[in-house]
Amino acid sequence: MNQKKDIRALTKDQLRDFFVENGDKAFRGNQVYEWLWSKSAYTFEDMTNISKETRQILQDNFVINHIEVDTMQRSSDGTVKNAIRLYDGLIVESVLIPTGTRTTACVSSQVGCSLDCLFCATARLKKMRNLNPDEIYDQVVAINKESLLYYNHKLSNIVFMGMGEPLMNYNNVLKSIEKITSPEGLGMSPKRITVSTSGVPKMIKKLADDEVKFNLAVSLHSAIDEVRTKIMPFNENFPLKDLKEALEYWYAKTSSRITYEYVVWNGINDTREAIMALVTFCKYVPCKVNLIEYNPIDDGDFKQAKPQVISDYISILEMNDIIVNVRRSRGKDIDAACGQLANKS
Ligand code: SAH
């Protein structure tokens, strides 16, 4: 049995303590920490300024559970999808999305998902486990490398919109963001990071209490409880009035505008009543709305609403001074678009 510990589960102080306990200098901990995080070393052998003996001690006590890019696919629109193999053989997916001068990484936070949205392919996998902070961080590092390789510049943005519900893996997601934003990690600005949630009120309040500096997006899809519960059954336990209260709390503490993600479907939320309910919901806290194109996931129960309905949404929202963007799908040909991540290939 492998009793070795995942070295990246240790804080910098714990690593420094390990060296002191083993008769070395605490400073050695800083060096190794730098190899593990900002230099993303895959093996102890890579740590060239560490002596052979010390590397052997590390080898005897720890493992580096690095992710591996198992397969990589490129879409005709330039989107890149990675199937990532984790240390225990499970697979998650992450995506690189180029737009103009930017490249955005879309990363996963869980293997499968804790929630049960009827229109999402990931929900069908069920949740198998949470990802560790280093597994999330590694996805970003891998995509950053691909961004440099294919687009000649570093990754500019990160969205937690891959597989899983980030707020159901709260601690690990926050730890990964700490590493991504730290100068000892990738040194990215938190303003370039967006965490997307289906709307877990208690955890949204916790984010506010923790004074996070990244952006928050909420997958709303309906501002009417009965409709939302039908397509996102967990809404029964987290109704819209709780979500509203949590978002008000978030805004009071952070002054950071919310993004609502919203797909318009035939026969579900394509009525005037649905539009007006969204307008009312948008008045609670400063926000913008991203209307997302629907990506069909096989069985065809859900169909994107007619263009006229989408235009009605846009004009009524704009009439009410609400910012609205239409988001086209990316990477559909390789099942890399929103809601399509389901480890198909
Ligand atoms: N669980 C989080 C993170 C996943 S983000 C959340 O729900 O926000 C994935 C985004 O894609 C969410 O806004 C989700 O509602 C949306 N989505 C899911 N399935 C989709 C589909 N088939 N077509 C378009 N968008 C979809």
ask   = With every protein chain present, what accessible area does Arg330 have (1.4 Å probe, heavy atoms only), rounded to the nearest 10 Å²?
value = 60
note = Residues meeting the amide H criterion for Thr103 (H placed from the backbone, H to H distance under 5 Å, 5 or more places apart or on another chain) are Ser156, Asn157
key: Straight-distance crosslink candidates among aspartates and glutamates, where the alpha carbon sits under 16 Å from Lys52 and sequence neighbours closer than 8 are dropped   = Asp24, Asp60
Cys residues of the chain counted as unpaired, since no other Cys beta-carbon is under 4.7 Å = Cys106, Cys113, Cys282, Cys287, Cys338
key: Antiparallel %, DSSP beta bridges [both residues in the chain], to 5   = 45
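First compute the accessible area of the stretch 1-66 with a 1.4 Å probe, then give the percent of it belonging to carbon and sulfur atoms.
Ligands and nucleic acids excluded, carbon and sulfur give 47 percent.
I need the Kirkwood Rh of the stretch 133-175: take the reciprocal of the average 1/r across all distinct C-alpha pairs and report it in angstrom.
11.4
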message = Can you tell me, using C-alpha contacts under 8 Å and at least 6 residues apart, the relative contact order of the chain as a whole percent?
response = 14
note = Note on the stretch 180-312: alpha-carbon gyration tensor, axes a ≥ b ≥ c; rule is a/c under 1.5 for rounded, else prolate if a/b larger than b/c, else oblate; result prolate
request  = May I ask you to give the solvent-accessible area per residue for the stretch 1-60, in square angstrom, as obtained with a 1.4 angstrom probe?
outcome  = 61
inquiry  = Just to confirm, what accessible area per residue do you get for the stretch 158-212 at 1.4 Å probe, in whole Å²?
reply    = 38
ask   = Do the alpha carbons of any pairs in Lys145/Lys244; Lys145/Lys344; Lys241/Lys303 sit beyond 31 Å of each other, and which pairs?
value = Lys145/Lys244
key: Using alpha-carbon coordinates, inclination of helix 27-36 to the longest axis of the chain, degrees   = 50
key: Choice from Thr122, Thr197, Thr99 showing the highest fluctuation, given a GNM over the chain with Cα pairs closer than 10 Å   = Thr99
message = Cross-link candidates for Lys230: which aspartates and glutamates have Cα within less than 16 Å, leaving aside residues fewer than 8 places away along the same chain?
response = Asp116, Asp270, Asp301
message = Can you give me the convex hull volume of the Cα atoms of the chain, divided per residue and expressed in Å³?
response = 144
request  = For the chain, find the longest principal axis of its Cα atoms and tell me its angle to the long axis of helix 170-181, 0 to 90°, nearest 10.
outcome  = 70
note = When the chain is treated as a Gaussian network with springs between alpha carbons less than 10 Å apart, the largest mean-square fluctuation among Asn237, Asn65, Asn295 is found at Asn237
key: J(HN,Hα) series, the stretch 218-229, from Karplus relation 6.51 cos²θ - 1.76 cosθ + 1.60, nearest Hz, glycine and proline x   = 10, 7, 8, 6, 7, 9, 10, 3, 4, 5, 4, 5
ask   = Structure shown: which of Lys179/Lys206; Lys202/Lys253; Lys4/Lys202; Lys283/Lys332; Lys25/Lys191; Lys39/Lys206 lie over 25 Å apart, alpha-carbon to alpha-carbon?
value = Lys4/Lys202; Lys283/Lys332; Lys25/Lys191; Lys39/Lys206
key: Tilt relative to the chain, helix 240-254 - C-alpha long axis, 0 to 90 degrees, to 10   = 60
inquiry  = If DNA, RNA and ligands are ignored and the probe is 1.4 Å, what is the ranking of Lys145, Lys206 by accessible area, most exposed first?
reply    = Lys145, Lys206
note = Asserting the computed 222 nm helical MRE of the chain (DSSP H runs at least 4 long, -39500 (n - 2.57) per run, divided by residue count, to nearest 500) equals -10500 deg cm²/dmol
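The values are calculated or read from the model by the stated rules, or taken from the named source; none is laboratory data. Note that the coordinates shown come from a computational prediction; the quantities given were computed from them, not determined experimentally. Heads up, the Cβs are rebuilt from the backbone with ideal geometry, glycines too, and the neighbour counts pull from every protein chain shown. Just the protein is used for accessible areas: all its heavy atoms, side chains included, with ligands, DNA and RNA removed. Shrake-Rupley method; radii C 1.70, N 1.55, O 1.52, S 1.80 Å.
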